[in-house]
Every structure is written in C-alpha cells, then in structure tokens.
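What follows is a short report on a single structure.
The values are calculated or read from the model by the stated rules, or taken from the named source; none is laboratory data. The model shown is predicted, which means the values in this text are computed figures rather than measured ones. Neighbour counts run over all protein chains shown; Cβ positions are idealised from the backbone, glycine included.
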Amino acid sequence: MAQIDWLDLLGWNEEQILDLRFTGYNYLRQGLYARALVFFEAIVSLKPSNLYDLQTLGALYLQLGNFRGAIDMCDRALAIDPKSDVTKLNKAKALFQLGERAEGLALSTEVSSTRNPKVKNLAEALLLAYK
C-alpha cells in the first residue's frame with residue numbers, strides 16, 4: 001500500500017505544521033504533557049522525519065511513562081542525527097526505566113563525554129545512580 005502524503009491531501013504546508021508545533025510546545029511549557037503529546041503525534045504523522053519533533057515526542061513519551069515509545073522516537077531521531085547527545089540521554093533514561101541496565105549504562109557513558117555541561121551532568125548522575 002502506498003504511503004499517504006497527508007500534507008498534500010489536506011492542502012497544508014509548513015505554516016500549518018508550525019501552528020501545530022507552536023501550540024504543542026505551549027502545552028509542553030505549561031506542563032500539560034498529555035495535551036502536547038496529541039499535537040506532536042499529529043506532527044510526526046504529517047512530517048515523520050523532522051528531528052526536533054521526533055526528539056520532542058520521545059521526551060513526551062518518556063515524561064508520560066511510555067518508555068518503549070520513547071525509545072522508538074529516540075531511535076528514529078538518532079537515525080537522522082546519530083550524534084545527538086540529548087536524544088541519547090533520553091534513550092538511556094528510558095532504557096533504565098525498562099530495566100535494560102547494561103545498554104543504559106553504555107549510552108550514559110558515551111554521553112558523559114559531551115561538551116554540553118547540562119547533558120554531561122545528567123549523564124554522570126545516571127551513571128552514579130545505576131552503576
């Protein structure tokens with residue numbers, strides 16, 4: 001079966017995607033994660049290869065306890081940008097939550113060498129907590 005181009009079918013362009021993203025992000029900033037999730041799931045359905053949206057959806061899944069969904073979105077984001085330390089950190093968090101300690105430790109160790117001090121500190125905290 002052929003993949004449906006929903007943007008074309010709806011007659012939408014990047015402007016409508018930006019509206020969805022803006023609304024979803026506003027819900028996210030308010031801590032209304034379940035509402036933000038709906039918007040980012042829609043965006044990823046419409047534009048399945050946008051790195052920011054995949055990362056955000058993965059983070060929302062992580063926040064809401066859907067750890068398998070978080071890993072799936074992180075893997076999709078890492079396929080686009082394999083060097084994203086933030087995405088690797090979120091994947092490590094989800095792995096730990098699922099009891100996949102060895103893989104989570106390996107990923108946390110890798111991320112702990114990043115130049116981003118915030119990500120580095122979080123990775124080191126995970127290593128301390130799970131070693």
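Kindly indicate whether GLU103 is over 28 Å from ALA123 (Cα atoms), of a type outside the set (Phe, Trp, Tyr) and surrounded by fewer than 16 Cβ atoms within 10 Å (Cβ to Cβ). Answer is no for this residue. Of the residues ARG35, ARG29, the single one that is surrounded by fewer than 10 Cβ atoms within 10 Å (Cβ to Cβ), over 21 Å from ILE80 (Cα atoms) and among the charged types (D, E, K, R) is ARG29. Restricting the first member to region 47-75 and to residues that are within 11 Å of THR87 (Cβ to Cβ) and assigned to a loop (DSSP other than H, G, I, E, B), and the second to residues that are at pLDDT below 95 and of a type in the set (Ser, Thr, Tyr), no beta-carbon pair is closer than 6 Å while six or more apart or on different chains. Cβ-Cβ distances below 8 Å connect the following pairs, each with a first residue in region 119-131 that is farther than 14 Å from LYS91 by Cα, a second residue that is basic (Lys, Arg), and a separation of six or more residues or different chains: TYR130/ARG101. Count of region 22-76 residues, restricted to those that are acidic (Asp, Glu) and farther than 22 Å from ALA92 by Cα, is 0.
Go through region 115-131 residue by residue and tally those that are polar (S, T, N, Q) and in a helix (DSSP H, G or I). Summing the residues that are polar (S, T, N, Q) and in a helix (DSSP H, G or I) in region 115-131 gives 1. Output yes when any residue across region 55-63 is modelled with pLDDT of 95 or more, under 13 Å from the mean Cα position of the chain (by Cα) and hydroxyl-bearing (Ser, Thr, Tyr), and no when none is. Within region 55-63, one or more residues are modelled with pLDDT of 95 or more, under 13 Å from the mean Cα position of the chain (by Cα) and hydroxyl-bearing (Ser, Thr, Tyr). In the set LEU37, LEU18, LEU7, only one residue is over 17 Å from MET73 (Cα atoms), in contact with a Leu (Cβ under 6 Å, 6 or more places away or on another chain) and in a helix (DSSP H, G or I); that residue is LEU7. Would it be correct to say that ALA34 is over 19 Å from GLU103 (Cβ atoms), of a type in the set (A, V, I, L, M, F, W, C) and at pLDDT 95 or above? Judged against the criteria, ALA34 is a match.
Would you check if ASN90 is of a type in the set (S, T, N, Q) and under 14 Å from the mean Cα position of the chain (by Cα)? In short, yes.
In this structure, LEU18 qualifies as without any contact (Cβ under 8 Å) to a residue 24 or more places away in the chain and more than 17 Å from the chain's Cα centre (by Cα). Taking the criterion of being over 17 Å from LEU78 (Cβ atoms) and under 20 Å from the mean Cα position of the chain (by Cα), the residues of region 99-111 that qualify are GLY99, ARG101, LEU105.
Of the conditions (1) among the small types (Gly, Ala, Ser); (2) surrounded by 13 or more Cβ atoms within 10 Å (Cβ to Cβ); (3) free of Cβ contacts under 8 Å to residues at least 12 places away in the same chain, GLY11 clears all except one; give me its number. Single failed check for GLY11: (2).
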